[in-house]
Structures are given as C-alpha cells and as structure tokens.
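Step one of this worksheet: look at the structure below.
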Amino acid sequence: MTQDDALATLAALAHPTRLDAFRLLVRHEPDGLPTGALVAASGLTQSTFSTHLAVLAKAGLVVARKSGRQQVQRADLDRLRALMTFLARDCCEGRAELCDPLLADLACC
C-alpha cells in the first residue's frame, strides 16, 4: 500500500456514517449484508447512504456482489489488512518491540 492509498482509505473511514457501515460489514463477514440492511441501520435515506457507500467502494473498502435481486455489500478485509500493515510497519519502522503492545491488545479481544 502506498501513502496515497493509505490516505484515501483513512479519508473514507473519517466519517461516522462510513465508519459505522464498514464496522457493521466487518462484523458480518464473510456473508456481507444487503444494501437495504445497511441503509436501514444507518437511518439515512437510500440516496444519502449511497453517496457514503460509493466513497467506501472507491477506497476499496467495500465490494458489492449481486445475489438474486439484491446487491450484497462486503467489507474488503484484504484492504483493511493492507492499511493496518502499512501503518504498523511505517510507525514501528521495523522495530517489533514498538508493535508488541499493539499486537497484545489485538490478541486479547
């Protein structure tokens, strides 16, 4: 992941509606959720929510697939992993002892 990719991904998540939607999709992996369920969970109109969904999709965080007559949205966990790896490597500068507390926090939950 490049710095520009990381910035675009972080910018997409830097809105409460988009972050909530992405977190909800992560919790529903690997099946994903129909777009209508995401809209309902957001409390927004479909047109307003679709704008947020488009931002997440453009950043590579959400992928849609057709299932019958519905669009099912899924979180792209590879993109999330790439962002987290980029941040950890960049911030820790290859020094594992700096990232150990982070890894310990992740392992406990």
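Some notes on this structure:
- Test: residue in the stretch 39-48 that is assigned to a helix (DSSP H, G or I) and in contact (Cβ under 8 Å) with a residue 40 or more places away in the chain: no
- Output for the stretch 17-54, where each listed residue is buried (at least 19 other Cβ atoms within 10 Å of the Cβ) and under 25 Å from T2 (Cβ atoms): R18, A21, F22, L25, H52, L53
- Which numbered condition P30 misses (of (1) part of a helix (DSSP H, G or I); (2) closer than 25 Å to L106 by Cα; (3) over 11 Å from the mean Cα position of the chain (by Cα); (4) touching a residue at least 12 places away in the same chain (Cβ under 8 Å)): (1)
- Matching residues in the stretch 55-81 - criterion: being at negative phi, loosely packed, with under 13 Cβ neighbours inside 10 Å, outside any strand (DSSP E or B) and free of Cβ contacts under 8 Å to residues at least 12 places away in the same chain: R69, D78, R81
Rule-based calculations on the coordinates, nothing more; no lab input. Not measured: the values here are computed from a predicted model. Using ideal geometry, Cβ is built from the backbone for each residue, glycine included, and neighbour counts are taken over all protein chains shown.
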